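Asks: Would you mind keeping the following structure in view while I ask a few things?
The values are calculated or read from the model by the stated rules, or taken from the named source; none is laboratory data. From a predicted model like this one, the values you see are computed outputs, not experimental measurements. In this analysis, Cβ positions are derived from the backbone assuming ideal geometry, glycine residues included, and neighbour counts consider all displayed protein chains. The accessibility values were calculated without ligands, DNA or RNA, using every heavy atom of the protein model including side chains. Shrake-Rupley method; radii C 1.70, N 1.55, O 1.52, S 1.80 Å.
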Amino acid sequence: MKSLKNLYLSEIGLKGQIPKVSGNFCKLKALSLPMNKFDGGIEEFWRSLSNCPSNTLESLDLSYCQLEGQLPVFLGMFKSLQNLYLGENSLWGSIPD
């Protein structure tokens, strides 16, 4: 799975916290997890993604996931990110440059 570039797990009934992304997923270009029932914040998830040595994530979809909290400052570390979908959650704050 170290070469995995696209992961789409839409509306499959995932619940609880968004799992941390291990080093095996650092080459992801697209991660799509919409319409699942994640609860609470996303701080640990963001942190695990930002720990990848050369993050190549271009598209992230976490819409309709029941997420709550402030957008983390280190979201700005994803220099390759072109598409960000966070609609229909309870997130607040501004997207960093």
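Asks: For region 28-97, which whole percent of the accessible surface, found with a 1.4 angstrom probe, sits on carbon and sulfur atoms?
Replies: 49 percent
Asks: Considering only DSSP beta bridges with both partners in the chain, what is the antiparallel share in %, to the nearest 5?
Replies: Of the beta bridges lying entirely in the chain, close to 0 percent run antiparallel.
Asks: Let me ask something additional. Which length gain, in nm to one decimal place, applies between GLU88 and PHE74 when the Cα-Cα distance is subtracted from 0.36 nm times their residue separation?
Replies: Extending this stretch completely gives an extra 2.9 nm.
Asks: Keeping all protein chains in place, calculate the accessible area per residue for the chain (probe 1.4 angstrom), answer in Å².
Replies: Per-residue accessible area for the chain comes out at 61 Å².
Asks: Taking only C-alpha pairs under 8 Å that are 6+ residues apart, what is the relative contact order of the chain in percent?
Replies: Reported as a whole number, the value is 26 percent.
Asks: Count the lysine pairs in the chain whose Cα atoms sit under 13 Å apart, keeping only pairs 8 or more residues apart in sequence or on different chains.
Replies: Within the chain, the lysine pair count is 6.
Asks: Once fully extended, how much extra length lies between ALA30 and LYS5, figured as 0.36 nm per residue of separation less the alpha-carbon to alpha-carbon distance?
Replies: Contour length minus the Cα-Cα distance gives 8.4 nm.
Asks: So for region 42-97, averaging the separation of alpha carbon pairs under 8 Å that are six or more residues apart and normalising by length, what relative contact order in percent results?
Replies: Here the relative contact order equals 42 percent.
Asks: Which value, in debye to the nearest 20, describes the size of the charge dipole of the chain about its Cα centre when Lys and Arg Cβ atoms bear +1, Asp and Glu Cβ atoms bear -1, and nothing else is charged?
Replies: Taking the Cα centre of the chain as origin, the dipole is about 480 debye.
Asks: To the nearest 500 deg cm²/dmol, what mean residue ellipticity at 222 nm is calculated for the chain from DSSP H runs of n ≥ 4 alone, each contributing -39,500 (n - 2.57), summed and divided by the residues?
Replies: Result for the chain: -2000 deg cm²/dmol, rounded to the nearest 500.
Asks: Give the cysteines in the chain for which no other Cys Cβ lies under 4.7 Å away, or write none if there are none.
Replies: Isolated Cys, the chain: CYS65.
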